[in-house]
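In what follows, a single structure is set out as C-alpha cells and then discussed.
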Amino acid sequence: MKTKVILSILFFSSTVLSGYKYETILDNLDDAWSIVFLSEDKVLYTEMPGKLKIASLSDKSITNINNVPSVQYGGQGGLSEVILDPEFKSNNMIYFSYSAKDANGKSTLFLSSAELRENSLINSKIIFEAKAPRRSPVHLAAKIAFLDDGTILLASGDGFDHREQAQTLDNHFGKIIRINKDGSIPLDNPFLDTKNALPEIYSYGHRNMQGLVVTSSGDVYEHEHGPRGGDEMNLVEPALNYGWPAITYGIDYSGAIISPFTEKNGMEQPLLHWTPSIAPSDMIFYEGDIYPELKNSFLVTALVSKDVKKVTFIEKNNIQENLFSELNSRLRNIQSSPSGVIYLLTDGPKGKLIKVLPKE
Amino acid sequence: MNIAKYPFAILSAALFTVMLITPISSISNLIWLASADMPVGLITWIEVILFDFQRLGIALYAVVIIGFGVAFSVAGLISKYSSYNGKYLFAIAGAAAIGMALFLMVELLFQTQLLGGNRSIIGKILHCVAGFLGGYFFYSLVSVERSYTFIIRFLGILYAYLILGSLLEWIFTPVNAAANFGFVLNDLSSAAQNALLRDFTSFFLAIFLFAIMGVVTLNPAWFFSASIILIGAAIFNLVAIYIHGTEYNQIFITEFILGGWPAILSLIIILKKDKTKK
C-alpha cells in the first residue's frame, strides 16, 4: 500500500512536471502492434497473434473483424501494420502486413488488401509476398505508407541472418518496396531497368525499419533498429543505398564488429543515429493543432528508452526532446486522431491504448 | 592442487577455444566487407580480429565454460568407467560441447544465428574443430602435475584479456572509449584530445604489458607495477573528487578491484617463494 502511494505520488508529480496528463482508453490488448483511426471515436487495430479489431473509444466496446488471413505468430512476427486506403471513405479498402509461411515453408513478409465491410474482410488479396525467406519470423519491418501518387511503400526487414543481402538487389531483405494498390509495379520504380534487380525495390541497405512516414510535403522518412547502437533515422529517396551492414554506427548483439566503417561514397548517412539504442518502434509527423509545442515535429516512440523522442531538424542539425517518459512503458505505436489528439500504444501481452491530454 | 587444476584447466581451455572461435566470425565478416568493395586493409583486419576476440570472446566465454564443464565431466566419467581413454576422448567432448552450445544458442534466440561465422557449413565445422582443439588442450593441462603457478598464470592472462578491451578502444575507437569514461572527446580542445589519447592509451598498454610480463616471468614486480598504476588511479580519483572538487566518479571502485587483482597475484608468488625457501 505504502509503495503504491509513493508510486502514485511519483507518477502524479512527473505528470504535473511534464504538463501532460494521460487517460488509459483500452487495456489488456494482446500484443497490439498498429492502430489507425476510422473516425474520431473508432480505431482499427492489429494484435500480433492475428486479430484485427475495431474499438470504440467512447464506450470502449471491442469488435472482432472476421476473415483475417492466418498469420505466423512468434518471434517478432504476426499481424503487423494496418493502414487505410486514402480513399477509404468511398472504397472501404484497408492494407495490412503480416508474417506467414511461403510455399517452401519459410517465413516471409506479406502485404494484403481487403474491403472492410460489416466487421468482415472481403475480397482479401495478397498483393505482395517478399522474396525474403527466413527460418523464423524476425526482422520483418512490415511498416506501410502511402505516397502522394497513391502507390504503397512497404518496409521489408533484413531477416537478421541475411543482413548482407540488404546490399544486393536480387532479394527483398533490407529494402523499401514500392508497389501499386493492386500489387503491380509502378512504371517509374528506380530499378526497373537494372539487371538482376527486383523491380519492386525503392531503396536498399536498410535493417529493421519500424517507422515509415510520408509528410504532407511528400518527403519520406524512416527509422530503423540498429543492433547495439546505430538506430537510424533517414530521409528516404528512390534508388539510394542506406549502407546496412557495410556501414553502421552499431556493433552486433554479441559484441562483434559488424563493420568498422561508418561512411562510404554511394551510401547515405542517417539524418541522426541513436547510440546507445533506443529501439524506435513507430513515428508520426505531427501536424495537428492540439499540442502547439509539438507541431511540425517527428514523434518517435521507443521501446528501450520508454519515451517518445520529439525530433525537429534545423538544416542538418537535429534537436531532440524526451516526452511522456513518466509513463515508463515500452511504447509500440503512436497515432494522431483526425482532430489531432495523440494516442500511444504500449507494447506486450497486456498493452494499453493511452490518450495524451494536452497541456492546460 | 590436484583437484584445483581441473576447474582452472576448464577455464584455460575455454579461453583458448574462444581465441580460436572468434576469428571465424571476424574473418567471414571481413571477407564479405571486402567483397562489398569496402576498404578493408591490414589495420582493419587487426582491429576487427582483436576487438572480436575481446568483446565477442567475453560474451562467448561463459557459454564455452558451461559447455566444457558438462562435456569434460561426462568424458571424465566415461574415461573412468570404460576402456575409452586419452586425449581424443576429451577432444571429441570439446567438439561436441561447442557444436551443442552453438545449436542451442540458435534455437533459444528466436532461431537466429548470433555468430556470423557459424552460418555456413564450413563455419560450423571450424567451430567444432576449435572445440576439438580446446578439448585436446584441456587434456594436456590435466594430464600432468600442476603447481600454483598454473593458476597464477591463468589469472594473469584473464586479467590481461580484460584490460585488452580498454586498450583496443583507446587505440581504435577513442570516441567510444571516452564516452565510457563519461565525456565527449570531440568537445575537448585538440591539445586536450591529444593529451588524453596518448596518456590513456599508454596507461592501458602499460598495464596490459605488465600483466603479460608477469605471466611469462612470474616475477611479482610486473604484477605490482600493474597494481601501482591502477591503485594510484583510484587514489587520485578520490583526490580529484574530495580535494579538487570534481564530480563524484565511482569508477574508483573498479580501479581498486583491478589494482588489487595483480597485487594479490604478486603476494601469492612472494609467499609461495618464501615457503619454498624455508
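The values are calculated or read from the model by the stated rules, or taken from the named source; none is laboratory data. All figures in this text were calculated on a predicted structure; none of them were measured in a lab. Positions of Cβ are generated from backbone atoms using ideal geometry, with glycine treated the same way; all protein chains shown enter the neighbour counts. Side chains are part of the model used for accessible areas, which takes the heavy atoms of the whole protein and leaves out ligands, DNA and RNA. Shrake-Rupley method; radii C 1.70, N 1.55, O 1.52, S 1.80 Å.
Brief remarks on what is shown
- With Rh defined as the Kirkwood radius, the inverse of the mean 1/r over Cα pairs, the Rg/Rh of the range A:120-192 is 0.99.
- By the compact-protein rule of thumb, 2.2 N^0.38 Å, the alpha-carbon radius of gyration of the range A:128-169 corresponds to a ratio of 1.29.
- When the GluC sites (Glu not before Pro) in the range A:251-304 are filtered for DSSP coil states and for at most 11 other beta-carbon atoms within 10 Å of their beta-carbon, the remaining sites are A:GLU263.
- Loop sites in the range A:79-182: GluC sites (Glu not before Pro), DSSP, at most 11 other Cβ within 10 Å: A:GLU87, A:GLU118
- Fraction of accessible area attributable to carbon and sulfur, chain A (%, probe 1.4 Å): 50
- In this structure, the pairs whose alpha-carbon distance is over 25 Å, taken from A:LYS101/A:LYS175; B:LYS87/B:LYS124; A:LYS106/A:LYS306, are A:LYS106/A:LYS306.
- Dimensionless Rg ratio for chain B, taking C-alpha atoms and the 2.2 N^0.38 Å reference: 1.15
- Scanning chain B for GluC sites (Glu not before Pro) that sit in a DSSP loop and have at most 15 other Cβ atoms within 10 Å, the longest stretch containing none of them is B:1-144.
- Sequence-separation-based contact order of the range A:55-131, relative, with Cα cut under 8 Å and 6+ spacing, percent: 24
- Scattering from the range A:181-287 was approximated by placing one identical point on each alpha carbon and applying the Debye formula without solvent; log10 I(q)/I(0) at 0.18 1/Å stands at -0.93.
- Inter-part distance where the range B:168-215 and the range A:105-155 are each reduced to a Cα centre, Å: 49
- Spatially, the range A:270-342 and the range B:70-102 are offset by 54 Å when compared through their Cα centroids.
- For chain A: relative contact order, % (alpha-carbon pairs under 8 angstrom, 6 or more apart): 14
- For chain A, the average shadow cast by the Cα convex hull is 19.0 nm², which is a quarter of the hull's surface.
- Only the Cβ atoms of Lys and Arg (+1) and of Asp and Glu (-1) were treated as charged; on that basis the dipole of the range A:249-335 about its Cα centre amounts to roughly 180 debye.
- Once both labels are positioned 7 Å from their Cα atoms along Cα-to-Cβ, the gap between B:ASN180 and B:ILE228 label points is 2.6 nm.
- With the biggest extent put first, the Cα atoms of the range B:101-260 measure 56, 43, 25 Å across the principal axes.
- Percent RCO, i.e. relative contact order, over the range B:1-122, from Cα pairs under 8 Å lying at least 6 residues apart: 30
- For chain A, the solvent-accessible area of protein heavy atoms averages 41 Å² per residue (probe radius 1.4 Å; ligands and nucleic acids excluded).
- Sites A:ASN180 and A:TYR253, calculated FRET efficiency, Cβ-Cβ separation with R0 45 Å, nearest 0.05: 0.75
- Area buried, chain B against chain A - accessible surface, total, 1.4 angstrom probe, square angstrom: 2200
- Selection of trypsin sites (Lys or Arg not before Pro), the range A:271-342, meeting DSSP coil and at most 10 other Cβ within 10 Å: A:LYS316
- Three semi-axes of the equivalent ellipsoid, the protein assembly as shown, Cα gyration tensor, whole Å, largest first: 50, 31, 24
- Summing charges over all other residues whose Cβ lies under 14 Å from the Cβ of B:LEU188, with Lys and Arg as +1 and Asp and Glu as -1, gives -1.
- Compared with the rule-of-thumb size 2.2 N^0.38 Å for a compact globular protein, the range B:145-198 has a Cα radius of gyration ratio of 1.66.
- Here chain A is treated with +1 on each Lys and Arg Cβ and -1 on each Asp and Glu Cβ, and its dipole about the Cα centre works out to around 1080 debye.
- Computed P(r) (all Cα pairs; the range A:79-146; 10 Å bins; percent): 22, 47, 25, 6
- Options A:LEU294, A:GLY230, B:ILE122, ranked by Cα towards positive dipole end of the protein assembly as shown, top entry (Cβ charges): B:ILE122
- Antiparallel content of DSSP bridges confined to the range A:192-277, in %, to 5: 95
- Interface burial in the range B:1-32, defined as at least 10 Å² less accessible area with all protein chains than with the chain alone at a 1.4 Å probe, covers B:ASN29, B:TRP32.
- Overall, the range B:1-126 carries a charge dipole of about 460 debye about its Cα centre when +1 sits on the Cβ of Lys and Arg and -1 on the Cβ of Asp and Glu, all other atoms neutral.
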